[in-house]
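Rule-based calculations on the coordinates, nothing more; no lab input. Quantities reported herein were computed from a predicted structural model and do not represent experimental measurements. Don't worry about glycine lacking a Cβ; one is built from the backbone with ideal geometry, like all the others, and counts go over all protein chains shown.
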Amino acid sequence: MFIMKTSLFNLHQIRIDESDLIIEFYAGDIFDIYSNILLLSAFKGGFYPTKGTTWGSLYERTGISFKIMVPEAHEQVSENIHYFHTPQNECFDKLIAFELTDLRRMNNFTKATLIARYKELADFLENYPSVDDESISLPLLGTGNQGISLEDSISILLKTINNLSKTKLKIIRVFARNFESIGALNIKINEHLNRNEAVHNNLLDAAIEEAKAICLKEISPLSKSTISNLLSLSAADHSSLNSFGINGRLFAESICDEFIRINKISAETTTLDSKIREISNKIRMERPYVLSYLRLLQSYGNQVAHSGNPNLNHQDAAAIIIAIVRIVDFYELKK
């Protein structure tokens with residue numbers, strides 16, 4: 001099985017106010033993946049960097065710590081949400097603390113409390129991020145000392161995100177701390193989104209083996225991260241076939257930007273369709289099949305994001321993996 005320290009195990013895409021919002025689900029260390037905004041949960045005033053806690057890990061990774069709530073260190077955003085002034089670091093641009101409950105009232109934290117906190121989070125996601133804030137990382141709220149189940153927290157979170165009316169964010173990254181939770185979370189996510197489970201078959205397994213082979217080569221960061229994400233998704237227990245479609249669409253967007261850069265094409269395009277059209281003349285002369293693979297990734301991405309019947313099958317997932325591998329082969333020769 002392909003294993004990463006922090007592993008992507010599911011993807012979801014929704015349309016909000018004419019823009020696409022990607023929700024990425026990870027297991028592992030929330031500090032491993034950079035985001036513009038990092039949101040950490042806490043007890044009331046519980047920001048002391050105690051070893052073994054998230055705030056202790058923050059100190060170990062960045063040297064940043066807050067022992068007491070002092071006016072010059074923070075700004076109150078809402079009743080329970082605070083923005084902390086922090087030095088520049090490799091993990092985030094902005095640090096947000098979300099106080100879930102008082103330590104003395106920990107045992108009184110209920111699903112109703114969690115729903116109220118997620119409602120407060122929704123207001124934050126809609127109104128706080130600036131145009132420069134494209135991404136946020138946050139944990140599954142209430143699943144630590146508050147005693148809320150992972151399944152309940154992920155269900156409430158998905159409902160919260162699906163009901164957003166606006167946001168400037170492009171990516172929301174949700175973190176579960178341990179890998180043992182991946183299977184249970186994927187079952188709940190797929191159930192909530194009415195998705196088919198990605199039980200392997202020979203065709204899909206063969207495509208995955210080809211992806212593993214190319215990942216062992218010296219390839220660019222874009223190619224490596226895309227293939228690694230595919231392998232993480234394929235290795236996750238009870239994973240979703242739809243996640244392959246979303247991952248393929250994201251790769252197509254990024255690789256088209258790279259082809260535009262490599263070929264020095266002057267273009268101010270925002271949609272994948274227009275990007276493919278911009279590079280088509282150049283690529284058609286060299287590797288016309290690459291355009292077909294890009295259109296395939298575009299089609300599957302649209303199907304997953306916008307179709308009323310979005311479930312992909314194993315043949316679709318295998319086709320997506322092979323398309324990415326073939327495009328990567330061409331890109332690695334050109335870069």
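Quote the charge dipole size of the stretch 29-177 about the Cα centre in Debye, to the nearest 20; the model charges only the Cβ of Lys and Arg (+1) and of Asp and Glu (-1). Once rounded to the nearest 20, the dipole reads 420 debye. In this rough spin-label picture, where each label sits 7 Å from Cα along the Cβ direction, the Asp32-Arg284 distance is 4.3 nm.
Remark: the stretch 290-298, residue by residue, has Karplus-estimated 3J(HN,Hα) of 4, 4, 5, 5, 5, 5, 4, 5, 4 Hz, where x stands for each Gly or Pro and the curve is 6.51 cos²θ - 1.76 cosθ + 1.60 at θ = phi - 60°. Each residue of the stretch 24-35 was assigned a 3J(HN,Hα) from its phi angle through the Karplus curve 6.51 cos²θ - 1.76 cosθ + 1.60 (θ = phi - 60°); the sequence is 9, 10, 10, 10, x, 8, 5, 8, 6, 10, 5, 9 Hz, with glycine and proline shown as x. Less than 5 angstrom separates the built amide H of Val77 from those of His82, Tyr83, all sequence-distant by 5 or more or on a different chain. For the peptides 292-301, 273-282, the ranking by packing is 292-301, 273-282, with the highest mean count of neighbouring Cβ atoms within 10 Å listed first.
Within the shell defined by Cβ-Cβ distances under 13 Å, the residues around Ser240 carry a net charge of -3, with Lys and Arg each +1 and Asp and Glu each -1.
For Lys94, the lysines whose Cα comes closer than 27 Å to its Cα, not counting residues fewer than 8 places off in the same chain, are Lys5, Lys44, Lys51, Lys67, Lys119, Lys159, Lys166, Lys168, Lys170.
With q set to 0.18 Å⁻¹, the log10 of I(q)/I(0) for the stretch 202-334, from the Debye formula over equal scatterers at the Cα positions, is -0.97. Taken about its Cα centre, the chain carries a charge dipole of roughly 220 debye when the Cβ of each Lys and Arg holds +1 and the Cβ of each Asp and Glu holds -1. Each peptide in 136-146, 262-272, 168-178 receives the mean, over its residues, of other Cβ atoms within 10 Å, and ordering these scores from highest gives 136-146, 168-178, 262-272. Calculated from the structure at hand, percent of Cα pairs over 36 Å apart is found among [x] 47; [y] 30; [z] 23 as [z]. Projected onto their three principal axes, the Cα atoms of the stretch 180-236 cover extents of 38, 25, 20 Å, largest first. Backbone N atoms of the stretch 109-126 closer than 11 Å to the 7 Å Cα→Cβ label point of Ser19 belong to residues 126.
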